[in-house]
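Trainee: This is the structure, below, for whatever I ask next.
The values are calculated or read from the model by the stated rules, or taken from the named source; none is laboratory data. All figures in this text were calculated on a predicted structure; none of them were measured in a lab. Glycine also receives a Cβ, built like all others from the backbone with ideal geometry; neighbour counts cover every protein chain displayed.
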């Protein structure tokens, strides 16, 4: 079969892909371009999947990354419902799941990740769900109409956000996870205590230090058994146990793989092959603020990396310098987070836990690593927070900010 020739081929059809298409067009108005996506929907934002969709405050059409006209006006071919089956970097060709072959001058791998599923007895019972895609959320939303009791497995963001949504819909919810605290990578004891209290006030039972061992039921899930031989009733289960990276094409192409299983990228988001670029979940890149390599699975990372990768595919030559940032909303508590939270060893609270405008400062070996601020966060405040983190102040400087009479970070510096 004769290959279809494109200047730019983008494999993956999430936010990073849509943002990359925009970045390419900023530098190259006419180069032929195609986006390949396994899902049948055009690129959409994922945060509403575990937030607004489950709560009924967002509809599927509200999640689109770009209006349909964007792709038409910018001559971007969208091929949805197909995936990259194989990649030949020497021939610069991608073979698709439908047998077609695409040749490229520049390729972007923005293949993201998929929900991890537990290989436990009963995992195939009706009522056992994962939550990663928009279709997952719509299926779960339908199941919630008849649910009375739910078990959420996992205490990180997806688990916490989905448990919050279930409880707000009047479903008796129990959370099971092995850690001591919700979102333990982020929460110190005080924040953990605050969040646990918030969940318990909203009738969510939290069982820490536990793992599930099986799902029980005849055709449909009826309960979950834990490693302590507890049997927890549930007619709905959500597995929020992390994600698995879609790195199959990168591995096949022999691209350099990072220690945690991501794909190595340089400062321009090029892989170990200069004509193959990376963005989003799979990309491990050199972060200039923290002088270390990072790999992040967050909305803003996909947005900014996609734009940078796209511009660089078209010749911009611009290093990626985005500061890590993400956000969450749990019941009435919203917070935004900036920085690197992989190795923090001390926290300082400015203000009151959970109150809008209050902040938690995270230290790494005596220097500021990140800041959490409770929502809402004004644009000027966010800009001030980013500026402070990029300076990496030491403990004495951070204490001065914390002890300042000014209520916000912006007014403290």
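Trainee: Out of everything in segment 70-114 that is without any contact (Cβ under 8 Å) to a residue 60 or more places away in the chain and over 19 Å from residue 42 (Cβ atoms), what residue ends up being surrounded by the fewest Cβ atoms within 10 Å (Cβ to Cβ)?
Mentor: Looking at residues that are without any contact (Cβ under 8 Å) to a residue 60 or more places away in the chain and over 19 Å from residue 42 (Cβ atoms), I get 90.
Trainee: So which residues in segment 272-301 are assigned to a loop (DSSP other than H, G, I, E, B), under 18 Å from the mean Cα position of the chain (by Cα) and within 22 Å of residue 103 (Cβ to Cβ), if there are any at all?
Mentor: Selection gives 279 alone.
Trainee: Then there is this: Kindly indicate which of 150, 163 is farther than 25 Å from residue 360 by Cα and not assigned by TED's automatic domain parsing to the domain that holds residue 353.
Mentor: Being farther than 25 Å from residue 360 by Cα and not assigned by TED's automatic domain parsing to the domain that holds residue 353 holds for just one of 150, 163, which is 150.
Residue-wise test of (1) surrounded by 18 or more Cβ atoms within 10 Å (Cβ to Cβ); (2) closer than 15 Å to residue 54 by Cα.
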position	(1), (2)
148	no, no
163	yes, yes
176	yes, no
181	yes, no
186	yes, no
195	yes, no
206	yes, no
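Trainee: Considering segment 49-69 alone, what residues qualify as being in contact (Cβ under 8 Å) with a residue 40 or more places away in the chain and within 15 Å of residue 137 (Cα to Cα)?
Mentor: 49, 50, 51, 53, 54, 55, 56, 60, 63
Trainee: Quick check on this structure: which one of 98, 135 is more than 30 Å from residue 234 (Cα to Cα) and not in a strand (DSSP E or B)?
Mentor: Of 98, 135, the one residue that is more than 30 Å from residue 234 (Cα to Cα) and not in a strand (DSSP E or B) is 98.
Trainee: A further question on this structure: Scan segment 115-127 residue by residue and report those that are under 22 Å from the mean Cα position of the chain (by Cα) and either part of a loop (DSSP other than H, G, I, E, B) or farther than 23 Å from residue 60 by Cβ (or both).
Mentor: Initially, segment 115-127 is screened for residues under 22 Å from the mean Cα position of the chain (by Cα), giving 115-118.
Scanning segment 115-127 gives 116, 117, 118.
Trainee: One residue is enough: does segment 233-242 have a residue meeting the conditions farther than 16 Å from residue 130 by Cα, at pLDDT 95 or above, surrounded by fewer than 21 Cβ atoms within 10 Å (Cβ to Cβ) and not assigned by TED's automatic domain parsing to the domain that holds residue 295? Spell out the reasoning first.
Mentor: Within segment 233-242, the first condition is being farther than 16 Å from residue 130 by Cα, and the residues that meet it are 233.
With the extra rule that they be at pLDDT 95 or above, the set shrinks to 233.
Now narrow it down to the ones that are surrounded by fewer than 21 Cβ atoms within 10 Å (Cβ to Cβ): 233.
Now narrow it down to the ones that are not assigned by TED's automatic domain parsing to the domain that holds residue 295: 233.
Yes, because at least one residue in segment 233-242 is farther than 16 Å from residue 130 by Cα, at pLDDT 95 or above, surrounded by fewer than 21 Cβ atoms within 10 Å (Cβ to Cβ) and not assigned by TED's automatic domain parsing to the domain that holds residue 295.
Trainee: Would you please list the contacts, defined by Cβ atoms under 8 Å and residues six or more apart or on different chains, that run from a residue in segment 193-212 that is over 12 Å from residue 168 (Cα atoms) to a residue that is surrounded by 15 or more Cβ atoms within 10 Å (Cβ to Cβ) and modelled with pLDDT under 95?
Mentor: Close Cβ pairs satisfying both conditions: none exist.
Trainee: Residues that are out of contact with any strand residue (DSSP E or B) (no Cβ under 8 Å at 6 or more places or on another chain), modelled with pLDDT of 95 or more and either closer than 26 Å to residue 332 by Cβ or part of a strand (DSSP E or B) (or both): does segment 391-411 have at least one?
Mentor: The answer is no; no qualifying residue exists.
Trainee: Right, something else. Is it the case that residue 141 is within 30 Å of residue 225 (Cβ to Cβ) and either out of contact with any strand residue (DSSP E or B) (no Cβ under 9 Å at 6 or more places or on another chain) or in the same structural domain as residue 285 (by TED's automatic domain parsing) (or both)?
Mentor: yes
Trainee: What pairs come out if I take residues in segment 255-268 that are over 16 Å from residue 112 (Cβ atoms) and pair them with residues that are in a strand (DSSP E or B) and at pLDDT below 95 whose C-beta lies under 7 Å away, six or more apart or interchain?
Mentor: Once the first residue is over 16 Å from residue 112 (Cβ atoms) and sits in segment 255-268, no partner that is in a strand (DSSP E or B) and at pLDDT below 95 comes close enough.
Trainee: Specify which of the listed residues (389, 360) is in contact with a helix residue (DSSP H, G or I) (Cβ under 8 Å, 6 or more places away or on another chain) and either surrounded by 16 or more Cβ atoms within 10 Å (Cβ to Cβ) or not assigned by TED's automatic domain parsing to the domain that holds residue 197 (or both).
Mentor: Going through 389, 360 in turn, the sole match is 360.
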